[in-house]
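Data first, discussion second: the structure below is written as structure tokens.
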Amino acid sequence: MNPEAWELPASDPGWERMRDAGQLAGRPVVYLPAVDSTNTYALSPVLRGAAAGTLIVAETQTAGRGRLGRQWLSPPGCGLYLSLLLRPALSGEALPRVTLAAGVAVCLAVEQATGLQPKLKWPNDILLDGKKAGGILTETAGMAPGAAEPRPLVVVGIGVNVNTPAALFPGPLAAHATSLLAAAGRPFARSLILTALAAEVERAVAALEQGRWPEILRQWRARDGTRGRALSWVTPGRKTVRGESLGIDDQGLLHIRDAEGRIHAVLSGDLQLVSGGAHAHSRA
Ligand code: BT5
């Protein structure tokens with residue numbers, strides 16, 4: 001898009017209030033002008049004992065992380081880079097479900113705050129126009145020390161390209177990354193999206209705690225951006241499987257049907273959309 005066709009919001013009073021007061025809609029916020037990674041910070045001893053619901057928010061990350069040590073590009077001032085600390089009553093095996101629930105929550109929050117309708121790409125991508133506008137990295141730090149009822153600390157890390165100009169995505173990323181700005185043609189107040197995000201993620205994880213996984217599954221499937229599309233999956237054993245996405249099963253695993261009609265349940269590996277021009281890339 002023409003970079004002159006938009007201007008950043010003159011001000012985001014909610015963002016400034018959050019930064020100055022260290023809270024947002026009643027929840028504690030640790031605001032960091034710059035950090036290596038909000039997830040790394042959230043998991044560090046500095047935050048031992050922080051209340052569930054605490055948000056770590058950075059203006060920029062110098063070593064923002066994707067999965068498997070990959071990088072998350074975090075230019076200053078234009079994106080949301082946050083970690084939400086939770087101590088849900090969930091077992092470690094439920095962690096992949098937290099990522100799927102958070103994906104639904106990010107979509108709901110972006111829908112509410114902007115009117116855009118993001119889609120999901122298994123397991124953790126937020127798509128707009130078939131390109132990646134956000135990603136989720138869920139991590140845990142075992143048991144919370146000193147808690148009356150020990151619960152694992154769960155850190156839900158979320159990156160969303162809000163007002164990121166398309167020109168800021170470097171070469172290889174340019175073809176498959178986008179932002180809310182690029183999709184809508186106008187900028188958004190990050191504080192509004194952040195407020196909705198924190199509330200929706202908490203709500204979605206509470207739904208898991210209450211045994212409402214089928215509800216999350218339904219909401220995820222309603223936003224599945226790759227179902228029926230051709231995918232290329234590089235298995236952990238480095239074999240490439242091409243086939244059609246059949247969507248996610250009741251456990252939250254992605255199913256792919258190959259040309260011979262065999263069905264593969266995807267647990268991990270590289271996953272790429274290969275049809276329709278749009279090209280999003282992910283690794284589970
Ligand atoms: C993810 O990993 O998508 C998880 C991203 C989570 C980022 C948040 S930011 C706050 C918190 N603190 C952190 O340190 N991390 C979390 P993955 O599926 O592995 O995707 C990573 C890949 O996405 C990269 O290898 C690039 O190809 C691409 N990518 C990197 N930065 C991007 C961006 N800003 N927008 C779109 N795609 C990007």
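What follows is calculated from the coordinates using simple rules that are stated; it is not laboratory data. Predicted, not measured: the structure shown is a model, and the values here were computed from it. Cβ atoms come from the backbone with ideal geometry, glycine included; neighbour counts cover every protein chain shown.
Both the radius of gyration and Dmax for the stretch 71-195 are 15.5, 50 Å, in that order, over alpha-carbon atoms.
Between Arg238 and Ala25, take the C-beta separation as r, use R0 = 51 Å, and let me know the FRET efficiency to the nearest 0.05. For R0 = 51 Å, the calculated efficiency reads 0.65. Volume of the convex hull of the stretch 35-82 (Cα atoms only), normalised per residue: 78 Å³. Computed from the Cβ-Cβ distance with R0 of 22 Å, the FRET efficiency linking Val46 to Ser91 stands at 0.25.
Remark: the stretch 120-129, residue by residue, has Karplus-estimated 3J(HN,Hα) of 10, 10, 4, x, 9, 9, 9, 10, 10, 6 Hz, where x stands for each Gly or Pro and the curve is 6.51 cos²θ - 1.76 cosθ + 1.60 at θ = phi - 60°.
In terms of packing, defined here as the mean over residues of other Cβ atoms within 10 angstrom, the peptides 249-258, 186-195 line up highest first as 186-195, 249-258.
Using Cα centres only, tell me the gap between the stretch 30-73 and the stretch 79-113 in whole Å. Measuring centre to centre over Cα atoms gives 15 Å.
Backbone geometry of the stretch 106-114 corresponds, through the Karplus equation with coefficients 6.51, -1.76 and 1.60 at θ = phi - 60°, to 3J(HN,Hα) couplings of 4, 4, 4, 5, 5, 4, 4, 7, 10 Hz, x marking Gly and Pro. Distances between every pair of Cα atoms in the chain, grouped in 10 Å steps from 0 to the bin holding the largest one, split as 6, 29, 36, 21, 6, 0 percent.
Among the GluC sites (Glu not before Pro) in the stretch 54-118, none is located in a DSSP loop while being surrounded by at most 15 other Cβ atoms within 10 Å of its own Cβ. What separates the Cα centres of the stretch 174-195 and the stretch 252-269 is a distance of 32 Å.
Largest GNM mean-square fluctuation among Ala199, Ala63, Ala141, using the chain with Cα springs under 10 Å: Ala141.
Relative protection proxy for 68-74, 156-162, 170-176, from highest mean packing down: 156-162, 68-74, 170-176 (other beta-carbon atoms within 10 angstrom). For Lys132, the residues whose modelled amide H falls within less than 5 Å of its own, excluding neighbours fewer than 5 places apart on the same chain, are Ala177, Thr178.
Taking amide H as placed 1.01 Å from N in the peptide plane, the amide H of Leu32 sits under 5 Å from that of Val57, Ala58, Glu59, each at least 5 places away or on another chain. Normalising by residue count, the stretch 1-133 has a Cα convex hull of 148 Å³ per residue. Annotation: peptides 206-216, 225-235, ranked by per-residue average of other Cβ atoms within 10 Å with the highest first, follow the order 225-235, 206-216.
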